[in-house]
1. Listed residues Ala226, Ala235, Ala211; which is closer than 19 Å to Leu380 by Cα, touching a Cys at 6+ places or on another chain (Cβ under 7 Å) and surrounded by 22 or more Cβ atoms within 10 Å (Cβ to Cβ)?
2. Taking the options Pro283, Pro315, name whichever one is open to solvent by 40 Å² or more (accessible area, probe 1.4 Å), farther than 21 Å from Ile221 by Cα and not aromatic (Phe, Trp, Tyr).
3. Report yes if some residue within segment 287-302 is touching a residue at least 60 places away in the same chain (Cβ under 8 Å), open to solvent by 30 Å² or more (accessible area, probe 1.4 Å) and touching a Phe, Trp or Tyr at 6+ places or on another chain (Cβ under 6 Å); otherwise report no.
4. So which residues in segment 166-186 are outside any loop (DSSP other than H, G, I, E, B) and buried (at least 16 other Cβ atoms within 10 Å of the Cβ), if there are any at all?
5. Select from segment 1-56 the residues that are part of a strand (DSSP E or B) and among the small types (Gly, Ala, Ser) and write down the one among them that is nearest to the chain's Cα centre (by Cα).
6. For Trp116, state whether it is over 30 Å from Leu2 (Cα atoms), at pLDDT 95 or above, open to solvent by less than 10 Å² (accessible area, probe 1.4 Å) and among the aromatic types (Phe, Trp, Tyr).
7. Residues Leu338, Leu330, Leu306: which one is more than 28 Å from His94 (Cα to Cα) and of a type outside the set (S, T, N, Q)?
8. Could you tell me whether segment 120-131 includes any residue that is in a loop (DSSP other than H, G, I, E, B), aromatic (Phe, Trp, Tyr) and within 15 Å of Trp15 (Cα to Cα)?
Amino acid sequence: MLQWQEQGLPHQAWWRSESATAMPAKVQAADDSMPADQAYRLICEGTALVWRGDFHNARQLMLALGRRLDRKSRGKSPASAASPVDFPHAFHLHRQAQAQRARVLSGILIEFDAQWHCALRRAPDWRQACEQAWGSLPGAGQGAVVPLRELLGAVGSHEWRKKGVEIPALGTHAGATARIHAHYGVFSPVRGEYLDLVARAPLPAAGMAEAWDIGTGTGVISALLARRGVRRIVATDMSERALACARDNLQRLGLERRAELLRTDLFPEGRCGLIVCNPPWLPGKAASLLDQAIYDEDSRMLRGFLQGLAGHLLPGGEGWLIISDLAEHLKLRTRENLLAWMDEAGLQVLGREDIRPRHGKAHDGGDALHDARAAEVTSLWRLGVR
């Protein structure tokens, strides 16, 4: 419960944040009369601002804070100019700058009542987006305070969930290119090249009856395997949000009867002829829900999948590991590490499918990690028991 004073009167509301942003120790009211320089100074000193002015002016203030952060970072040597040996340091600085930016931009707070209604002037009605992202508030009659940055993220997620992302590898559904609809907190398959690998890799005969999708997320890999003719899919994830999202997408595509969804860490019980895993591609600590799809602390999921794979494969079965080599270019992990983990797990490489990324950052010379991104290759490793 966040508590603060305004004009000598006590206020309190539930603190609602799913990023690494800690509940602020100091809060004060702010409105349209506060200059951006003063707001920036207060937030950097540790005081969050609960907004009492026009809602659109709060968004303008957040943009102004972003410009100040951009000016502060100007003049620093870009990571793309560094030699490859400097990439780990450049990546660390990149994440550090991202974290600082998130902390500052999360310093503007928006208050809601118990029904997710915002009383600010010109505030849109975003009750549906808030309920979809965060559910009902605990405690009768008690409102909530949310960082504006996270509120806009929830609203953006709500719009993307309605619209969905076209997945050409899934073919058509209802006369149009099939779409996947990501829920709040579930990573959207916007980088579709890895799905092209799943669509073209030769399916093992042992995997046609049943396949497992480990860490299913949106369920897109499960849907793709079903479209390729696998008769039964078991999709696992530790996140209830991800399982609800996968269930929704499989129902939309008319594939729900071919899939079973389980909340479990990595593997279900038993053995299977095809086990697919697309773990987070970078070793590192996740700072938010979506970060959990990008960063795998100590390579826990990657190593857990490799170590457990041989014990869950049927004779003649295959494990498909889908992973980018970006971590190798950033010097966060070596190819020798990956091959050694496979060998230690009693696995052999049966084949590998590679593809180059198509996303914009791979061609953006101004990106802090451009040189590493430009060299990136995404691979589907076909693994069998040695």
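The values are calculated or read from the model by the stated rules, or taken from the named source; none is laboratory data. Small disclaimer: the values here were computed from a predicted structure and weren't measured. For neighbour counting, all protein chains shown are included, and Cβ atoms are generated from backbone atoms with ideal geometry for every residue, glycine included. Surface accessibility is based on the protein's heavy atoms, side chains included, excluding ligands, DNA and RNA. Shrake-Rupley method; radii C 1.70, N 1.55, O 1.52, S 1.80 Å.
1. Ala211
2. Result: Pro315 is the single residue among Pro283, Pro315 that is open to solvent by 40 Å² or more (accessible area, probe 1.4 Å), farther than 21 Å from Ile221 by Cα and not aromatic (Phe, Trp, Tyr).
3. yes
4. Ala169, Leu170, His173, Arg179, Ile180
5. Among residues in segment 1-56 that are part of a strand (DSSP E or B) and among the small types (Gly, Ala, Ser), the one nearest to the chain's Cα centre (by Cα) is Ser19.
6. no
7. Result of the check over Leu338, Leu330, Leu306: Leu306.
8. No.
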